[in-house]
Amino acid sequence: MKRITTRFVCSECGYESSKWLGRCPGCSNWNSLIEETVNQVKNSTLSAINYPVSLQEITQDALQRMPSGNSELDRVLGGGIVPGSLILLGGDPGIGKSTLLLQVASGLARSGQRVVYLSGEESMKQIRLRSLRLGIEDDEIFLLNEQNIDQLEASLQELSPPVVIIDSIQTVYTSRVSSIPGSVAQLRECTALILEYAKRTETTFFLVGHVTKEGALAGPRVLEHIVDVVIYFEGDKNTSFRLLRGVKNRYGSTDEIGLLEMSGQGLVEVNDPSYVFLSLGQNISSGTAVSSSFEGSRPLLIEVQSLVASSGPVYGRRMASGIDQNRLALIIAIIEKRLGYPLAAHDVYLKVTGGLFLRDPSVDLAIAAAIISSYQEKPIAADTVFIGELSLSGQIRPVPFLEQRLKEIDRMGFRKVILPEIAVGRGSPGLRLEINEIRTIDDLVERIMEG
């Protein structure tokens, strides 16, 4: 017997209530509860009973990863695709999510894996058109136009593919919920059904997710809790470079990034990202400093650019691109307090080249050096790299993974490194680097003025 109930679900966090509330008790957002009708079907049949299995009975053969055919995606995933996992890929419209997954399907098909591409947004002819543009001609890629997720298991029964791509999760629905596709209830129920099938059959699912205008994945937060991996596909449409950033990964690190470049043949892997984030061969100017940021398991050389200009009678503006605005304000306050620079009467602009967002505290020293260089109109030598965390007292603190950073600096041809004093002696021998040790931000000013 079918029983129809009405409930109110928060579109932000998925909180459920039997009556409408102006403010969600779960996430404290206003006007986020949406009325939904749910058809509840009482099922008297009992499912099969699962019994506990010893940990030693699970063989290592079942734990092997599958290469996706894209080394940058494999890096973000932690070394490859884990069978039976749910991978949620989110990004802005037109950023290249469908292109990336079609290329991943081609890479898997070339390695002998069968892939089903389920599209709820495009027709089969439209997908075929894109495959011709990308030069993809693989017999092991199968297309499916089916929005009803209840029919998914029957559609896949004959092929039994190890990988299924759903583009997108907002376009599929289940008849168990009466609300429209893309609603909170539909997203939660469809993802739960896919999860149950994926774990039972060891099938890997790639789910494409839309993002909101704030840049977060559309739908309730419970969607990100259900899946195993959440990857954001970032980048500016006006530039050719795209970033894969893992924000959740049950099978690897969440700090990894992958760099891709959009070309006429689709997305191409960038094997040496340091060249992307550096302005090599350009004239030296004030306000530019280079640092080594550790992203995931590899160091990247990043160029930081700063512009300090007089603000006139009004209070100085602070604008940052590539780092947190509060972090820039903190470093400016340290410079004002410890060095006596009147930056309150100046506008300070900061930009990280390449579109990367930096969270590594080791770039604090380079940010401070760029601001000081711009304020003093004193260019920094092009072969100098700054590594260190800046404390509130003006002391320079050491950073981890120094050996890997120094090797990357030496490989890129830089010859001078400014480090915290306590970090000297921990580096790798045999490198052609001139190490300069400093203790405080006052020592940093001396090194900059010396050239």
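A short reminder: the numbers here are calculations on the coordinates, not readings from a lab. Quick caveat, the model's predicted, so the values are computed rather than measured. Note that each Cβ is placed from the backbone with ideal geometry, even for glycine, and that neighbours are counted across all protein chains shown.
Structure notes:
- Positive minus negative residues near SER168 (Lys, Arg vs Asp, Glu; Cβ under 12 Å): -2
- Rounded FRET efficiency, nearest 0.05, which uses the C-beta distance separating MET449 from GLU336 and R0 of 22 Å: 0.75
- Isolated cysteines in the chain, defined as those with no second cysteine Cβ under 4.7 Å, comprise CYS190.
- Computed over neighbours whose Cβ is under 11 Å from that of VAL268, the net charge equals -2, Lys and Arg +1, Asp and Glu -1.
- Evaluated with a Cβ-only charge set (Lys, Arg +1; Asp, Glu -1), the chain carries a dipole of roughly 820 debye about its Cα centre, given to the nearest 20.
- Per-residue Cβ neighbour counts within 10 Å put LEU330, LEU278 in the sequence LEU330, LEU278, beginning with the fewest.
- C-alpha center-to-center spacing [region 90-152, region 254-317] in angstrom: 33
- Put simply, the amide H of VAL268, placed in the peptide plane, has neighbours under 5 Å in GLU261, MET262, SER263, leaving out anything fewer than 5 places away on its chain.
- C-alpha long axis of helix 441-450 to longest principal axis of the chain, angle in °: 60
- Between the helical axis of 184-201 and the longest alpha-carbon principal axis of the chain there is an angle of about 80 degrees.
- Ordering 361-373, 90-102, 435-447 by mean Cβ neighbour count within 10 Å, with the highest value first, yields 361-373, 90-102, 435-447.
- Counting only alpha carbon atoms, the long axis of helix 97-110 and the longest principal axis of the chain meet at about 70°.
- Placing unit charges on each Cβ (+1 for Lys and Arg, -1 for Asp and Glu) gives the chain a dipole about its Cα centre, and among ALA192, PRO361, LEU307 the Cα reaching farthest toward its positive end belongs to ALA192.
- Cα-centred dipole magnitude for region 288-450, charges only on beta-carbon of K, R (+1) and D, E (-1), debye, nearest 20: 220
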